[in-house]
Amino acid sequence: WCTRYICLDKEEAIKRAEKAQKNHRGNQVGWMQSFLSSATKEPPRQINGGAIVKEEDAATAQIALDTDEVSLGLYTSNIMVWDSDLKRAHKKAQGIKKLIQSVGFIAKEETFNAFEAWKSMMPGDMTSNIRALPVVSSNFSHVVPLSAIWSGMIENAHAGEITGVSVPHVICSTQDGTPFFLNLNPRDVGHTIILGPTGAGKTTLLNLLELQFLKYPESQVIVLDKGRSARLPTMAVGGRYYEPGTNGVSFQPLQNLETILEKTWAIEWIESLIEIQGGRVTPGMSSAITDAIERMSNIPEKKRTITTFCQSVNYLDPDSKQSILRETLRPYQLGGKYGSIFDADCTSIELNTRYLTLEMEYLMQMGEACVAPAISYIFHFIERMFSGRLTLLVLDEAWLFLRHPIFREKIEEWLKTLRKKNVFVVFATQDVSDAVNSSLCSTLIQQCHTKIFLADPEAQTPAMANAYSTFGLSESEIDALSHSIMKRDYLYTSTLGSRLFQLDLEEITLAFIGTPDHDLLDSLASEHPDDPSYEYAADILDAKGFAYAHYLKNTFATV
């Protein structure tokens, strides 16, 4: 649809208005009436009232032109349709013609003038398809299309400032065939919440967002996963995947004691272990812990273990004269219930990667005495990656974290502070009611400027409609959500606008972000244990039957 308006200068516009007045004045009386009136010296009996009105309009236009209230121009409006089949193209044209005529405008399908009309749609063409009758600018303003369907931000300026690449995060499709440029950050805040029912396409969307984020140079992705959903894309691009709480994944919480902040965190972490075990931290105990941490800061990192701490701390209970501190911490020492997790001489999680996934489901099923200190340490550990690089931090199945007080406190802190470190925090949950009833609900709504909703056939039921309205959806948006197709449609809303979009993924893309084949991944991992140079992508495609997988051999750089 092309609208062209060729502005006339003031002098030319006034001349045309005067000429129009003369023409309409001459059309007020027919030539026969004019002849009889001249012969009989009597006024004409029949006068064209329409011509009188048009003359008055032309006079009014001339006054408006004289006083610079309006300008005059040559207006053309053309709509071009196309199709691979001529009959279908004609059918489209007729449909548009009927729609235009239904609102009172006249539309004509071009035939002999079709080429001239097409040329007039080209930018800069001011000579083709010139219409004789000019239009005042006020009338032009009434018909010019000043609005269009919102298509998102075609340029991600914030990402461009940080990485030098300002392309949109993901380019999606829509039902009307126009692209939608999906960016999680309306401006410089990329915190996002993704809500929807089970089986609506959450995992596919998250995995796509994670992989596409790597297009930005030096960017990084951190996923706190549940259900091993991100395992496939993580391994496919050579990232690091860990399952804390299982064999082979252990922590050294007291490893870094070089700064005052690290020492303070270590002291508070030890004190939290005592409280978890039912003890009470006294001033004397706190002083002994501080002294022990200070001494440990002077020994090699490998020796900064829980066992070493228990050997270094000098504290006896004033009443029993027993070393109750060592006994309290015994479950976290080697040989204790959680010693294999917390009493290692190094943390087995590598941070030197652009794609880090921690599968949290197994850990969260362990006892509170293990979960709380593990969560605290993991959060503290990954915060080292928040160095100002563009970072995507994904919390999959966020209800798992929102229910835990340590998680809630840290998440609330992150939402308020990580923007300054260029971290986009993404919450995803399949339990909308849990998010609404969470004590963090108001914080999530306030801090997460972007919200993506999955298709939900139950969206218009009273309970769900109320939940969605809490997150800012209007009645029409809830209606659209209820009529959307699961695993195909997604509703994006932000401070900039809202749009229903689709991913339209090809099979090769789904091979990396769809439902993972854990048996295949287990087999590949067992064949190449602890081999950071091994590239999973080509073998994954080979296993899924993609004949051109050999093109990917030796082309991936480990992230």
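Some points to look at:
- Residue in region 366-409 that is nearest to Val425 (Cα to Cα), counting only those that are at pLDDT below 90 and part of a loop (DSSP other than H, G, I, E, B): Ala398
- Test result for Ser442, assigned by TED's automatic domain parsing to the domain that holds Thr234 and free of Cβ contacts under 8 Å to residues at least 12 places away in the same chain: yes
- The set of residues in region 291-300 that are assigned to a helix (DSSP H, G or I) and surrounded by fewer than 16 Cβ atoms within 10 Å (Cβ to Cβ) comprises Asp291, Glu294, Arg295.
- When restricted to residues that are more than 28 Å from Ser272 (Cα to Cα) and within 18 Å of the chain's Cα centre (by Cα), region 402-422 contains 2.
- Any hit, region 138-157, residues being within 18 Å of Phe105 (Cα to Cα), touching a residue at least 40 places away in the same chain (Cβ under 8 Å) and in contact with a Gly (Cβ under 7 Å, 6 or more places away or on another chain): yes
- Within region 269-289, the set of residues being free of Cβ contacts under 8 Å to residues at least 60 places away in the same chain and either surrounded by 15 or more Cβ atoms within 10 Å (Cβ to Cβ) or on the phi > 0 side of the Ramachandran plot (or both) comprises Ile270, Glu271, Ile274, Gly278, Gly279, Val281, Met285, Ser286, Ala288, Ile289.
- Contact annotation: residue pairs with Cβ atoms under 8 Å, 6 or more positions apart or on different chains, pairing a residue in region 394-419 that is over 21 Å from Val189 (Cβ atoms) and in the same structural domain as Gln220 (by TED's automatic domain parsing) with a partner that is part of a helix (DSSP H, G or I) and charged (D, E, K, R), are Trp399/Asp434; Leu400/Glu361; Arg403/Asp434.
- Among the residues making up region 101-118, a single one is within 39 Å of the chain's Cα centre (by Cα) and either within 30 Å of Lys10 (Cβ to Cβ) or modelled with pLDDT under 90 (or both): Val103.
- Single residue of region 463-504 satisfying the filter (of a type in the set (Ser, Thr, Tyr) and buried (at least 17 other Cβ atoms within 10 Å of the Cβ)) that is farthest from Thr443 (Cα to Cα): Ser484
- Some residue of region 86-100 being part of a loop (DSSP other than H, G, I, E, B), at pLDDT 85 or above and polar (S, T, N, Q): no
The values are calculated or read from the model by the stated rules, or taken from the named source; none is laboratory data. Keep in mind the model is a prediction, meaning the values are calculated, not measured. Note that we place each Cβ from the backbone using ideal geometry, even for glycine, and neighbour counts take in every protein chain shown.
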